Amino acid sequence: MRPDDWHLTEDVGDFLARAGDFLRSRPGPHVMQLTWAERVRARGAEAFGTEAPVFGVLERAGEVHATFYRLPPRGVGLSPLTHEQADSLAVRLAALGHSLPSVSADHSTATAFAEAWQRHTGATPKLRDTRLRLYRLGTLTPPEPLPAGRGRVLGEQDLEHVMFWCGEFAKAVGEDVSIDAGTWADTRFADKRYTLWETPDGTPVSIAGMNPMIGGQIQVDIVYTPAHLRGRGYAGAVTAEVSRAALAAGAREVVLFADLANPTSNALYQRLGYRTLTDWAAYDFSCAAPEAG
């Protein structure tokens, strides 16, 4: 495996032309590749910073074996890689003078790349405390009994309501983002479709969102219930509703991430029919690679 087997491009159209079929052949493990490539395609690269994005495809004899993406100043996101593939990518990026703050991927791939990056640049990797598990829906099994109330899909007339709930979610998970009418279109929350669970008197109690369908797959993202309303079945009800909506929209696969530090949500998703696909990890690097040349 040679470092120059990696084809790098700033053109998301070129990236998708080369790797689209490969990514769509296993949309679950490639969910982040597909999501961010589509966001760049739809919004334009300038929506994500002043530096150009970088996409990479590992090709040999006309066959795609792996991919990566990076939207500077963010870190690099990887498709599943072998140790040899991770090493060849680290060599290529280091030779080009990339300064990587972090890497995220399935746990095995992230670890292999973090070790390779340390070998080739001297950067010290630190595993983030937040560990995620990626689930894929098997047979949807809605909770019984459902809590009193109903699910309602939110539309454009509900934008203020959606922004409030997304802001509450962002604060709860520690995302440093400003959400208001002026910033909304630039946030990762703007391209989702939201479902709200309401009590019989119309009081909103829980929300779930889903990303647009890409490659026949929909990612459920976000699920949030205010702390004082938890334990009443609302999260299970709204997750079942948004999962049902994803299937009704024609998704062949439905996936979601869960924080492994939250056993309640992990158990809930499993009861609803979600099954483990892979564990996810991210490493931060304490220093950057030296500039090339």
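The values are calculated or read from the model by the stated rules, or taken from the named source; none is laboratory data. Everything quoted here is computed from the prediction, not taken from an experiment. Positions of Cβ are generated from backbone atoms using ideal geometry, with glycine treated the same way; all protein chains shown enter the neighbour counts. Heads up: the accessible areas ignore ligands, DNA and RNA and are worked out on the full protein's heavy atoms, side chains in. Shrake-Rupley method; radii C 1.70, N 1.55, O 1.52, S 1.80 Å.
Worth a mention:
- Which listed residue, of THR141, THR111, is in a loop (DSSP other than H, G, I, E, B) and either in contact (Cβ under 8 Å) with a residue 12 or more places away in the chain or open to solvent by 60 Å² or more (accessible area, probe 1.4 Å) (or both): THR141
Condition check ((1) crowded, with 18+ Cβ neighbours inside 10 Å; (2) closer than 23 Å to VAL31 by Cβ; (3) touching a residue at least 24 places away in the same chain (Cβ under 8 Å)) across all residues:
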position	(1), (2), (3)
LYS126	no, no, yes
LEU137	yes, yes, yes
GLU160	no, no, no
PHE169	yes, yes, yes
ALA185	no, yes, no
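- Count of segment 242-283 residues which are free of Cβ contacts under 8 Å to residues at least 40 places away in the same chain and on the phi > 0 side of the Ramachandran plot: 1
- Applying the criterion of being in contact (Cβ under 8 Å) with a residue 60 or more places away in the chain and part of a helix (DSSP H, G or I) to the residues of segment 194-241, the residue that is most open to solvent (accessible area, probe 1.4 Å) is GLU241.
- Residue in segment 148-155 that is without any contact (Cβ under 8 Å) to a residue 12 or more places away in the chain and exposed (fewer than 13 other Cβ atoms within 10 Å of the Cβ) present: yes
- Residues in segment 242-282 that are polar (S, T, N, Q) and surrounded by 13 or more Cβ atoms within 10 Å (Cβ to Cβ) were compared, and the one that is nearest to the chain's Cα centre (by Cα) is THR278.
- Only one of the listed residues (PRO53, PRO27, PRO80) is within 14 Å of the chain's Cα centre (by Cα) and within 30 Å of ALA251 (Cβ to Cβ). That residue is PRO27.
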